[in-house]
């Protein structure tokens, strides 16, 4: 099972942010331009938006795109993206702190009662995250 995130026109910016925060690569990136959805109803400014993408890094894999023009901006509720960062707690803390830039920490990154390290945040795009490590 993989998660699929929708953005209201800033998917490419979000993917660049996640690449910086989590490492990894944008494996697939397809634009609306040249697709079957590139027609008279597609606004010119939407042609370069992301129709589909895949992001992969250690501990994370998800897909993402921009919504179709005119659709409401996505509201992320009732779930959280969960990323396990292998290696040291310091590496996981770096990812946590990077994802939290411009966002809101909802549970500080610290050792929980079950061991390892864990924290929760909502990033600057409104996406909720849980970051964990075993050390």
Query raised in the report: Helix 11-22 versus the longest principal axis of the chain: what is the Cα-based angle in degrees, 0 to 90, to the nearest 10?
Result: 20 degrees
**Report entry** Dimensionless Rg/Rh of region 41-82 - Kirkwood Rh, Rg from C-alpha atoms
**Finding:** 1.05
Query raised in the report: Computed over the Cα atoms, what is the radius of gyration of region 81-133 divided by 2.2 N^0.38 Å, N being its residue count?
Result: 1.01
**Report entry** Value at 222 nm in deg cm²/dmol, rounded to 500, when DSSP H runs of n ≥ 4 in the chain each add -39,500 (n - 2.57)
**Finding:** -5500 deg cm²/dmol
Query raised in the report: What area, in nm² and to one decimal, does the C-alpha convex hull of the chain cast on average over all directions?
Result: 8.6 nm²
Requested in this report: Evaluate the distance, in nm, between pseudo-label points positioned 7 Å from the Cα of residue 88 and of residue 27 along their respective Cα→Cβ axes.
Outcome: 2.9 nm
Report task. Any chance you could check the Cα centroid distance between region 12-79 and region 102-133 for me, in angstrom? Result -> 23 Å
Query raised in the report: Counting every Cα pair in region 49-114, what percent are over 14 Å apart?
Result: 73 percent
Report summary line: To the nearest 0.05, the calculated FRET efficiency linking residue 37 and residue 79 through their beta-carbon distance, R0 being 25 Å, is 0.40
Requested in this report: Provide, as a two-decimal number, the C-alpha radius of gyration of region 3-66 over 2.2 N^0.38 Å, N being how many residues it has.
Outcome: 1.14
Requested in this report: List 28, 67 from most exposed to least, where exposure is judged by having the fewest other Cβ atoms within 10 Å.
Outcome: 28, 67
**Report entry** Top of 101, 45, 33 by mean-square fluctuation, Gaussian network on the chain, Cα under 10 Å
**Finding:** 45
**Report entry** For peptides 2-10, 104-112, 127-135, sequence by mean Cβ density within 10 Å, most packed first
**Finding:** 127-135, 2-10, 104-112
Report task. Using a Gaussian network model of the chain whose springs link C-alpha atoms within less than 10 Å, name the residue from 16, 60, 40 with the highest mean-square fluctuation. Result -> 40
Requested in this report: Give me the angle, in degrees from 0 to 90, between the Cα long axis of helix 89-100 and the longest principal axis of the Cα atoms of the chain, rounded to the nearest 10.
Outcome: 40 degrees
Query raised in the report: What FRET efficiency do you get for residue 135 and residue 20 if R0 is 25 Å and r is their Cβ-Cβ distance, rounded to the nearest 0.05?
Result: 0.60
Query raised in the report: Relative contact order for region 81-133 using alpha-carbon pairs under 8 Å, separation at least 6, rounded to a whole percent?
Result: 43 percent
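Coordinate-derived values only; no laboratory data. Source: prediction; values computed, not measured. FYI the Cβ positions are ideal-geometry reconstructions off the backbone, even for glycines, and counts take in every protein chain you see.
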